[in-house]
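The block underneath contains the structure these notes are about, expressed in structure tokens.
What follows is calculated from the coordinates using simple rules that are stated; it is not laboratory data. Worth saying up front: this structure is predicted, and the values here are computed from it rather than measured. Glycine gets a Cβ as well: all are built from the backbone with ideal geometry, and neighbour counts include every protein chain shown.
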Ligand code: TXA
Ligand code: MG
């Protein structure tokens, strides 16, 4: 286990005193600041180039700390008992102690209690809740290693804590709750099926899989922004592995393209830059690698990248959601032409 006490104390002191620090969590690296400090929260928006209407997640050390910053209910504690600490973010009505700069003016606050020991230690030692979005520049894939944070934030923040690659690899599941219902606003490692073990009434926001219609208001502001996009154009291919191979090889005759394929397919694409998504049936590993692969696409110097369209089932929905936005809904093959 990573345990550099000096670094943890330094990170905690910097945060308490108003600075921004890159911190590891089990999902992705975060850009942490004292959530009680309105000025520090505004600095987060500046450092990321984040749209002013996109609220931050506030991280707490133990689930009961939520009562200091929000109005909790029974369902919150049922969910906390089952899924916290862990990759779940719950939106609740906020208390006044959280500045509106943290929530982009909303009267609700998103709360998460990370399970990563380093994150937990930093929150506890700083003695304040920590506002932390993903530590990428806005629009870039979320960082899943300290190197990614360095690439985006070098020269902008005074400290990044390196605790190795993130376990989950995509951001937490974001849910909005009432007394007896849950809406999934962003899918993650905690799936709708898992949430149904605690609450009968779980729905998934249409913004998770569909493009917002013109004039439609996003329940979660982050959902309306184009995200995770590599510099090259990403296309998702709907079809089996034979169809995938055929389409990619056809494209490669006319385009400077790369391919993201399953490990089992690696030998098929001679002459085409090829990245391994992980083993065909290993959704966890594929999820863990996703953002690293999207960042690597930029280093290949290609115009287009082709990858399999993920399924929308269970754990795969989080990957589907990130990839469909990374490709701006460009799906080819199957019924899509
Ligand atoms: O795993 C994670 O959640 C990571 C790590 C660092 O904890 N954080 C993260 O934060 O992904 P960020 O800022 O990149 O994404 C926060 C998402 C955005 O889509 C935002 O719109 C939504 O949560 N959100 C935050 N507060 C909200 C609120 N009060 N109402 C609705 N959506 C909210
Ligand atoms: Mg983010």
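Structural remarks
- Prolate/oblate/rounded call for the range 177-246, Cα gyration tensor, a/c under 1.5 rounded: oblate
- Spacing of the two label points (7 Å from each Cα toward its C-beta) at residue 198 and residue 74, in nm: 1.5
- Extension gain for residue 298-residue 279 works out to 4.6 nm (0.36 nm per residue, less the C-alpha to C-alpha distance).
- Tensor-based shape of the range 1-92 (alpha-carbon gyration tensor, a/c under 1.5 rounded, otherwise prolate or oblate): oblate
- The shape of the range 58-99 comes out prolate: with a ≥ b ≥ c from the C-alpha gyration tensor, a/c is at least 1.5 and a/b beats b/c.
- For the chain, the alpha-carbon radius of gyration amounts to 0.99 times the rule-of-thumb value 2.2 N^0.38 Å expected for a compact globular protein.
- Going from the fewest other Cβ atoms within 10 Å to the most, the residues 48, 254 appear in the order 254, 48.
- The Rg/Rh ratio of the range 14-151, with both radii computed over alpha carbons and Rh defined as the Kirkwood radius, is 0.93.
- Whole-number percent relative contact order across the chain, with pairs defined as alpha carbons under 8 Å at least 6 apart: 18
- Rg(Cα)/(2.2 N^0.38 Å) for the range 199-337, N = residue count: 1.08
- Between helix 241-254 and the chain: long-axis angle, C-alpha atoms, 0 to 90°, nearest 10: 80
- Of 261, 41, 113, the one that fluctuates the most in a GNM where the chain has Cα springs shorter than 10 Å: 261
- Computed from Cα atoms, the angle from the helix 5-16 axis to the main principal axis of the chain rounds to 70 degrees.
- Computed over Cα pairs, the Kirkwood radius of the range 289-337 leads via Stokes-Einstein (0.890 mPa s, 25 °C) to a diffusion coefficient of 206 µm² per second.
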